[in-house]
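Have a look at the structure that comes next, please.
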Amino acid sequence: MSEEFIPFKHPTTFESDQALIEASKLLDTNMQSRRSVRKFSDRPIPEDVIQNLIRIASSAPSGAHKQPWHFAVISSVDIKQKIREAAEKEEYTNYHGRMSEEWLDDLKQFGTDWHKDFLTIAPYLVVIFKKSYDIESTGEKSKNYYVNESVGIACGFLLAAIHQLGLVSLTHTPSPMNFLTRLLDRPDNEKAYLLIPVGYPAEDATVPNIKRKPLAQVMTKY
Ligand code: IYR
């Protein structure tokens, strides 16, 4: 690895007045309208768009810059069908005894159940795998650091970028997700972290009428 340093300049700089305007725009006309969506359109997305989304996700900071993630990008109708069948099997068990009453109660407002038709309707499924360690070309194992934090941040980048392109996503966890390692033929050092369908919202898509916590509840000034 290179120990060289190169100059860094941010490509965008604002005076503080403009920063305030830009911050409001970013909040009100962009990020605040992001929602998890469960009703997708089957309208296709160009593969190049998905590739750039993955490049954006993979630009996230990570422990010792190990980038301890792998993105499985699925558009195959056959594989999406297999994933749906396996996910619905797990979710059926989740909704019929594996999730506590309290958990089921917390989920009522989202109207979810074990049916996961978005898994075959969305044009792309992205499965993010976390790599608890790497396997070098020599076959030797090498350590990764802060893997959960790193992969979580990469997923955050991905979700934000998806929204900025007018697309929608869902952070789906059909737990346990080990079936994804098997179906996608991933190596032992990878563990499925999140399954994110990506696409356009269905014309008649709706989302639950939930509110975000106000700033005073999520921030303390010191
Ligand atoms: N994985 C299930 C249950 C579920 C759990 C949580 I936490 C959610 O925020 C939403 C759903 C499902 O996808 O239905």
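Check the straight Cα-Cα distances from LYS141 and name the lysines below 25 Å, setting aside those fewer than 8 residues away within the same chain.
Partners within reach: LYS66, LYS130, LYS131, LYS191.
While we're on this one: Pick out which of ASP106, ASP134, ASP78 has the largest mean-square fluctuation in a Gaussian network model of the chain, springs linking Cα atoms closer than 10 Å.
Of ASP106, ASP134, ASP78, the most mobile in the Gaussian network model is ASP106.
Top mean-square fluctuation among SER150, SER33, SER175, Gaussian network model of the chain, C-alpha springs under 10 Å?
The residue that fluctuates most here is SER33.
Arranged by the count of other C-beta atoms within 10 angstrom, fewest first, what order do LYS116, LYS221, LYS141 take?
LYS221, LYS141, LYS116
Build a GNM of the chain with springs between Cα atoms under 10 Å: which of LEU194, LEU125, LEU165 gets the top mean-square fluctuation?
In the Gaussian network model the winner is LEU165.
Then there is this: Using every Cα-Cα pair within the range 102-167, state what percent have a distance larger than 15 Å.
Looking at the range 102-167, the distances longer than 15 Å represent 72 percent of pairs.
Let me ask something else about it. Which values of log₁₀ I(q)/I(0), to two decimal places, follow from the Debye formula for the range 1-152 at q = 0.20 Å⁻¹ with a uniform point scatterer at every Cα?
Debye intensities relative to I(0), on a log10 scale: -1.34.
Follow-up question, since we're still on this one. Counting pairs of Cα atoms in the range 126-222, how many percent are more than 16 Å apart?
69 percent
Can you give the Kirkwood hydrodynamic radius of the range 1-80 from its Cα pairs, in Å with one decimal?
17.3 Å
Cα atoms only, the range 131-184: Rg and Dmax in Å?
Just the Cα atoms of the range 131-184 yield Rg and Dmax of 14.8, 43 Å.
For every helix of n ≥ 4 consecutive DSSP H residues, a contribution of -39,500 (n - 2.57) applies; sum these over the chain, divide by its total residues, and give [θ] at 222 nm rounded to the nearest 500 deg cm²/dmol.
-10000 deg cm²/dmol
How about the range 99-196: which GluC sites (Glu not before Pro) there lie in a loop by DSSP and see at most 14 other Cβ atoms within 10 Å?
Here the GluC sites (Glu not before Pro) that fit, given the DSSP loop and packing criteria, are GLU136, GLU140.
Sticking with this structure for a sec: Can you sort HIS172, HIS115 from fewest to most other Cβ atoms within 10 Å of each residue's own Cβ?
Ordered from fewest to most neighbouring Cβ atoms within 10 Å, HIS172, HIS115 come out as HIS115, HIS172.
Values quoted throughout were computed directly from the atomic coordinates according to the rules given, and no laboratory measurement underlies them. Keep in mind the model is a prediction, meaning the values are calculated, not measured. When we count neighbours, we look across all protein chains shown, and the Cβ atoms used for this are built from the backbone with ideal geometry, even at glycine.
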